[in-house]
Amino acid sequence: MNAGPGGAGRRAARRLAPAAPAALAVAGALGLTTVVMVLAGIDPARAYPALVNGALGDGNLEYTVGAFVPTLGMALAFAIPLRAGEFNLGGDGQMALGGITAAALTLAAPLPAVAGVALPLTAAALAGALAAGISAPLHTRLGIPAIVTTLLISTPAVSLASYLVRFPLAERGTGIAETPVLPDAAHLPSIGDSGYVTIGLPLVLFLTAAWLYLDGRTVIGYETRATGLNREFARYGGVRVDRLALTALAGGGACAGLVGGLIVLGPPYRFVDGALTAPGYTFTAIAAVLLATGRPPAVPFTAALMTILQVGGEGMERDAGVPGQLTQIVQGLVIVIVAVMATVRHLRVRRSRPGGRGRDGVAPQAREAGA
Amino acid sequence: MPTGDGAVPPAAELVGVTKRFGDVVANDGIDLAIARGEVHGVVGENGAGKSTLMSILYGLHRPDAGHVLRDGRRVRLRSPADAIAHGLGMVHQRFRLFPELSVAENVVIGAEPTRRGMLDLAAAGREVERLGELYGLRADPRARVGRLPVGVRQRVEILKALYRGARVLILDEPTAVLTPGEAARLFEVLRTVTRSGVSVVLVTHKLGEVLTATDRVTVLRGGRVTGRFTTSGTTAAELVVAMIGRSPAAAPARRSPTAERAPYALEVDGLTVRDRDGVVRLAGVSFGVRPGEIVGLAGVAGSGQRELVDAVTGLRTPGPGDSGRVLLSGRTVRGGREPDVAYVPEDRHGRGTAAAMSLRENLVMGDQRSSALRGRFGLSSSAVRDRARALVESFGIRAASVDAPISTLSGGNAQKAVLARELSRPVGVIVVEEPTQGVDVGAQEMIHGLLAEARDRGRAVLLQSSELTELRALSDRVLVLYEGRLVAEVPGDEATDERLGAAMTGAPASADAPRTPPADDTSVAGVEP
């Protein structure tokens, strides 16, 4: 767009410059985690190779890609509403409802091949959209922030799914709270041999690309960003901000519901109670989105990084006997460092402005994240 | 530099103060001496360095060079707490009071009198009354601050500073929120206060105030002192030259007489608006604005201006208690931003712009769905950029790039951007709120010129402003709102401060009162001049 005669080198530098804070955050978090390791008597020289091998080593890569799909999907579930200034922390509930809807539909009415996959996935997305969409009028009409209601709705939603899988939809006689195996027509076609990687991967990648296009190139993306950055400004500009908040939250919820559906229709092809929420996709994805600091194109990459840490952590625990919780420490530190950097930048901007008075009460992190 | 009496050191003195923010030199070797018991005016355009200088005097910023003296002794001011300890007090433009607490509680907060470890409210009340008596600042100690008029609230701020032992009182644009009557009372208070040896620094950009209320004046421009005057020996013209470095351009001429009897472009008809609690904010307001005229809207803050503007621009969704209509060339305005009204809002940061968005994105807001900006795939970035560049060019907006966040622009340039966006809309009605608030004299002239030009092109302009000089200079007529009612309509050339001021404070109706129909009567539309 603004290519000067300076050439590709400078252009590349400018392209990469925005990634610097994220790189700094990750490096800082790894550094601090190393300190924790040393204090806990763990040898970093053994732990880190185990982490890398656990995520990317022989036979593990497919599993990592399999985990990347729900993480990226949940990143969309958080990032889409965030652009409109709404925090969706209810990913778990939306995902669980999506999953149980897909399972229930498939078990109740077995369908032929293509529809057998497409219909449950659509229903799962709708269920997630509904669960998240409720929070929009609660915010715009009643003034209860979505960050509160999405989280509060999540727990009963997860419980509802749990009830359904334990009683009406339960597989008798296994002793585990799970549905029966879904009929073959509902199994997601897999890519490769392991079965971990399914057509869920291209689907989520396509959704990500579609979102990036909508966000960066279209009127609705522009209006969404304006709403997220200054709701009153958007309203002044004729944007129907209430409807937009609903669209954004429902869109995020649909992604979460879809992820639930993808998990259930993938191996082991049943809804197992707790299997959707236990890996912690929701909050890993939130960490990924925050690490992208308001740059949507970075989200797939930060989601990949977070997945590698997550899966690698499990490998580390397995191979080197290092507690997997260490990767949670890394994730937590990444968020803390990103927040601290955003605050410092905000303070510096404020101080370097003559007069120096902050004009609004918006928390710098929130603004940064929504930027 | 005169320092008052040769023997007595100044109450406060800034010596060679320099302060840089990045590449910008906000203060460049400024010397300023405040004598004991004087009112010292500090004037200058926005960006002249007044705020920075006062922030240094109040310990909010530390100077890169230079220092501060109090009664001739050098002091280190690392924070406002240090400044207060050294007898410096500041009354900010935005009050820092707790509306739910009483006057006494607000005054003593942070330094409460106690009895056996308990807050001694009775003592606080006595102290407020004693200080009020001493300085002529009467306020009921038990009154809840949130219910007091703005002028009294300001008195509470001054009392707070005096209670903490301020001997030098800094007032930052104190009359911005006051009616002319309240401002006159404030200046009387300042006289009383200085009689007891307290010094007052009056930061302002209103020259009339400087001439009536101060003993001496220091003028800043571009971070330097460009003039020091004894008030009795100077004139407004002399001060303006020091402030802007040249003589001001002539005010734009009043309207073209061609538009006399054209039908109203904007018509407000018996508009009654209630807030959520059912309190009437606008009561049966009716008036009209013709193409080619500027109608001013005056009133003390909170008299219904916001509700009126929101109704005209469609930003207010009519509630159940509302009645009346707003008509645009005969068509009724419904809820939702009205596309046929251009609107320059007062709150540039909260409503007029999104600080974190680029100048380019700010310049197209409201027009994002127009076909002119549509590309093959959604919003055409090249069309947006071209539109933005054209506006930057024709309105002389100074910005590093259209891609830079609008927050990097100066106040005047950001305001120009808002005006550029709104005035370039092909619509017949323009609503403008406080168009020159927080912009410098040069930008003010340009903005006034733009509004006059819009009028000459046959636009109908509704101009809400708290600057009476602005209303006088531009308006063909001035409407005055008081407690939600239209209480006066004054022709532009008869709109004196006294006449407007009296109407703004609800003085008994005079010949100015317009024939406002009662709220339930919707048969009469508009008020004839």
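What the table below lists for this structure:
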item	result
Residue in the stretch A:333-344 that is outside any loop (DSSP other than H, G, I, E, B), among the hydrophobic types (A, V, I, L, M, F, W, C), buried (at least 17 other Cβ atoms within 10 Å of the Cβ) and modelled with pLDDT of 90 or more present	no
Unique match (being more than 14 Å from chain A (Cβ to nearest Cβ) and modelled with pLDDT under 85) among B:Ala35, B:Ala65, B:Ala111	B:Ala111
Pick from the stretch A:237-276, criterion free of Cβ contacts under 8 Å to residues at least 24 places away in the same chain and surrounded by 24 or more Cβ atoms within 10 Å (Cβ to Cβ), ranking: farthest from A:Pro70 (Cα to Cα)	A:Gly237
Residue in the stretch B:381-392 that is closer than 16 Å to A:Thr227 by Cα and either within 12 Å of chain A (Cβ to nearest Cβ) or surrounded by 17 or more Cβ atoms within 10 Å (Cβ to Cβ) (or both) present	no
Test for B:Thr179: is it at pLDDT below 90 and either of a type outside the set (S, T, N, Q) or on the phi < 0 side of the Ramachandran plot (or both)	yes
Flag if B:Ser407 is under 19 Å from B:Asp347 (Cα atoms), within 10 Å of chain A (Cβ to nearest Cβ), at pLDDT 85 or above and out of contact with any helix residue (DSSP H, G or I) (no Cβ under 6 Å at 6 or more places or on another chain)	yes
Some residue of the stretch A:82-89 being within 22 Å of the chain's Cα centre (by Cα), crowded, with 24+ Cβ neighbours inside 10 Å and charged (D, E, K, R)	yes
Failed condition for B:Thr3, given (1) at pLDDT below 85; (2) within 29 Å of the chain's Cα centre (by Cα); (3) more than 30 Å from B:Thr408 (Cα to Cα)	(2)
Lone unmet requirement of (1) in contact with a Leu (Cβ under 7 Å, 6 or more places away or on another chain); (2) within 30 Å of B:Gly352 (Cβ to Cβ) for A:Gly200	(2)
Count - residues of the stretch B:433-462 that are under 14 Å from the mean Cα position of the chain (by Cα) and under 20 Å from B:Leu486 (Cβ atoms)	2
Every pair of residues 6+ apart whose Cβ atoms lie under 6 Å, when the first sits in the stretch B:121-148 and is within 22 Å of B:Val177 (Cα to Cα) while the second is among the hydroxyl-bearing types (Ser, Thr, Tyr)	B:Tyr135/B:Thr192; B:Gly136/B:Thr192; B:Arg144/B:Ser102
Selection count, the stretch B:387-409, where residues are closer than 27 Å to B:Ile294 by Cα and in a loop (DSSP other than H, G, I, E, B)	2
Answer from A:Val311, A:Val264, A:Val299, A:Val289 - the residue that is part of a helix (DSSP H, G or I) and in contact with a Lys or Arg (Cβ under 8 Å, 6 or more places away or on another chain)	A:Val264
Only one of B:Gly59, B:Gly41, B:Gly16 that is crowded, with 20+ Cβ neighbours inside 10 Å, more than 19 Å from B:Ala213 (Cβ to Cβ) and of a type outside the set (A, V, I, L, M)	B:Gly59
Residue within the stretch B:328-347 that is of a type in the set (Asp, Glu) and not in a loop (DSSP other than H, G, I, E, B) present	no
Subset of the stretch A:1-42 [modelled with pLDDT of 75 or more, surrounded by 14 or more Cβ atoms within 10 Å (Cβ to Cβ) and aliphatic (A, V, I, L, M)]	A:Ala22, A:Ala25, A:Val26, A:Ala29, A:Leu30, A:Leu32, A:Val36, A:Met37, A:Ile42
Residue count for the stretch A:201-221, restricted to those that are surrounded by fewer than 15 Cβ atoms within 10 Å (Cβ to Cβ) and within 14 Å of chain B (Cβ to nearest Cβ)	3
Those residues of the stretch B:474-508 which are assigned to a strand (DSSP E or B) and either crowded, with 20+ Cβ neighbours inside 10 Å or within 20 Å of the chain's Cα centre (by Cα) (or both), in sequence order	B:Arg477, B:Val478, B:Leu479, B:Val480, B:Leu481, B:Tyr482, B:Arg485, B:Leu486, B:Val487, B:Ala488, B:Glu489, B:Val490
Filter result for the condition that a residue is within 14 Å of another protein chain (Cβ to nearest Cβ), modelled with pLDDT of 90 or more and crowded, with 19+ Cβ neighbours inside 10 Å, over A:Thr179, A:Thr224, A:Thr198	A:Thr224
Residue tally, condition assigned to a helix (DSSP H, G or I), hydroxyl-bearing (Ser, Thr, Tyr) and touching a residue at least 60 places away in the same chain (Cβ under 8 Å), over the stretch B:169-194	1
Subset of the stretch B:330-367 that is within 11 Å of chain A (Cβ to nearest Cβ) and of a type in the set (S, T, N, Q) - its residue that is surrounded by the fewest Cβ atoms within 10 Å (Cβ to Cβ)	B:Ser358
Checking B:Ile397 against (1) β-branched (Val, Ile, Thr); (2) within 18 Å of B:Arg337 (Cα to Cα); (3) more than 10 Å from chain A (Cβ to nearest Cβ), the condition it does not meet	(2)
Residues satisfying the stated conditions in the stretch B:453-473, i.e. in contact with a helix residue (DSSP H, G or I) (Cβ under 7 Å, 6 or more places away or on another chain), under 25 Å from B:Pro263 (Cβ atoms) and either assigned to a helix (DSSP H, G or I) or in the same structural domain as B:His205 (by TED's automatic domain parsing) (or both)	B:Ala454
Which listed residue, of A:Leu326, A:Leu229, A:Leu309, is touching a residue at least 24 places away in the same chain (Cβ under 8 Å) and within 14 Å of chain B (Cβ to nearest Cβ)	A:Leu229
Test: residue in the stretch B:229-252 that is in the same structural domain as B:Val42 (by TED's automatic domain parsing), at pLDDT 90 or above, in a strand (DSSP E or B) and among the small types (Gly, Ala, Ser)	no
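The values are calculated or read from the model by the stated rules, or taken from the named source; none is laboratory data. Here the structure is a predicted model, which is why all the values come from computation and not from measurement. All Cβ positions, glycine included, derive from the backbone under ideal geometry; neighbour counts span all protein chains shown.
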